[in-house]
Amino acid sequence: MNKTKIEYEPVIGLEVHVQLNTNSKMFCKCSIAPFESEPNTYVCNICMGYPGTLPLINNKAIEKVVKSGLALNGNINQMTRFDRKNYHYPDLMKGYQISQFKYPIVVGGEVIVNTGQEKKINLNRIHLEEDTAKLTHINNENEKPKSLIDINRSGTPLMEVVSEPEISNAEEARKFLLELHSIFTEIGVTKGNLEQGHFRCDANISIRPKGSTKLGEKVEVKNMNSFRSVVRAINFEIERQTKEIILDHKILQETRGWNESRGETVSQRSKESAHDYRYFPDPDLPNIYLDDTLLNQIRKSIPELKKDRIEFLIHHHSLNEQVIGILSADLNLFNYFKDIYKKTKTKQFDISDQDLANWITEELLKILELNKLTTKDISNVFNLAFILDLINLTNGKTINRNASREILAKMINSSKSPDQLIEELGLSNISDIDQLTDLCTQAINNNPDAVKDYKSGKDTAIKFLLGQVMKLSRGKADPNQAEVNLEKILKNE
Ligand SMILES: [Zn+2]
């Protein structure tokens, strides 16, 4: 069969390593080493793997994994335990890593991604392990290559999230990572700093004929340290594997590293299978039992998440996607919107949800930024009742948009009502028709060329005249009313 005629589809699974933000390490009392601290200064006999030492379990790390599992709708194994993963590598101080194999803390779970349409990516498991030390390889010219080891990172609690192979392309993978990152930082289990390695991802990628249910030989790509490199590496691998298959080459099950500067993956070693690691229950550590009281307590500590806020906005309000994105991403804006919306109901205020949200996400946000304030300040500087008054005055055309912006800016440092500020700043619209006609006539008389253009059919000329009216009125004329007025005068001339 001609393989170029077959359509292929990628199958992607992700493994995300998340550094937990506990105060101390996973199995000893060392503090977590701050980024770029002096090498080998946050170490003890336990995390250096000295013989005769015994690990101590950090309960806080276990609770953070439980919290993560509950936030992702996973099932908690109420009996969980640690296993030894045996392999030799210079950054692994004991010659084995304490990880979890048969009884991970969390089984299952899900992440909803939206790439135009919603898709549920199921999780296989979330388990807890210890991080390795850090190796730095130095290859200077005219010098023997050497490797340096920093044991500070050794024993830092690391949560591993393993997805099912249900991701279909690089964009879905990116959304999956963004969603996980957002949830984990919101529930406070990690600092989530990508540059500092708090959130690292490996991708398992394979290719199969479209529609086939059998998985192809999988390739694991490591060393991707940004969401962008994950996207690039996945796209590179999809293309490479598809080409290989078309050329009738066998895809090898292997581990490949991502080379950021060359933009390609490079073969590192053949991929191990689970049985290669000779997992067995760690005899130094007891089984761990998580009772219902603890689970309930942790469940209660999970704050409302962005995904819940999105759902709330979609169900209770009629808003566009962009505004939903802005309001859901910021708890302060979200609460402000909910509060002001409630107030419109008590005052029989006639405004659409979208309009109301636009005021917050456009006008109020802009003023906050200009004054170097954050959304935390929004309810302090913008009194709900005053904002509603201001919207009323603007929609009722007592003032125009520019004037309302000026008032908003003044509200930051004033406890005065919009009415008082309009009075003080002399900002009310010119609604007196004689006054408006005067201004229009002036603009027409001062600009005979524009009038000529208008009469010869150039419609844009009226905009120029309108600009002149606005200038003469110092922004206080209502532009719609002024334009109607201008047209009326020009037609009667
Ligand atoms: Zn230690």
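Results, tabulated for the structure shown:
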read-out	value
Neighbours by Cβ (under 8 Å, 6+ apart or cross-chain): first from region 118-129, in contact (Cβ under 8 Å) with a residue 12 or more places away in the chain; second hydroxyl-bearing (Ser, Thr, Tyr) and part of a strand (DSSP E or B)	121/163; 122/163; 123/163; 124/163; 127/99; 128/99; 129/99
Pairs where the first residue, in region 29-52, is free of Cβ contacts under 8 Å to residues at least 24 places away in the same chain and the second is near the ligand (Cβ under 10 Å from one of its atoms) and charged (D, E, K, R), C-beta under 9 Å, 6+ apart	31/25; 44/25; 44/29
Matching residues, region 422-447, being under 15 Å from residue 475 (Cβ atoms) and buried (at least 17 other Cβ atoms within 10 Å of the Cβ)	422, 427, 429, 430, 436, 439, 443
Residue that is outside any helix (DSSP H, G or I) and farther than 23 Å from residue 98 by Cα, where the choices are 175, 144, 191	144
Count of residues meeting criterion [of a type in the set (D, E, K, R), part of a loop (DSSP other than H, G, I, E, B) and away from the ligand (no atom under 14 Å from the Cβ)] in region 19-61	2
The lone exception for residue 14 - which of (1) more than 16 Å from the ligand (Cβ to nearest atom); (2) buried (at least 19 other Cβ atoms within 10 Å of the Cβ); (3) assigned to a loop (DSSP other than H, G, I, E, B) it fails	(3)
Filter result for residue 169 (assigned by TED's automatic domain parsing to the domain that holds residue 153 and closer than 30 Å to residue 24 by Cβ)	no
Residue list for region 153-167, restricted to those being assigned to a loop (DSSP other than H, G, I, E, B) and either more than 16 Å from the ligand (Cβ to nearest atom) or on the phi > 0 side of the Ramachandran plot (or both)	155, 164, 165, 166
Every pair of residues 6+ apart whose Cβ atoms lie under 9 Å, when the first sits in region 458-470 and is under 13 Å from residue 484 (Cα atoms) while the second is among the charged types (D, E, K, R) and assigned to a helix (DSSP H, G or I)	462/483; 462/487; 463/483; 465/483; 466/483; 469/483
Test result for residue 331, among the aliphatic types (A, V, I, L, M), at pLDDT below 95 and within 24 Å of residue 413 (Cβ to Cβ)	no
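The values are calculated or read from the model by the stated rules, or taken from the named source; none is laboratory data. Bear in mind that the values here come from a model prediction, so they are computed numbers and not experimental data. So basically every Cβ, Gly included, is an ideal-geometry build from the backbone, and we count neighbours across all protein chains shown.
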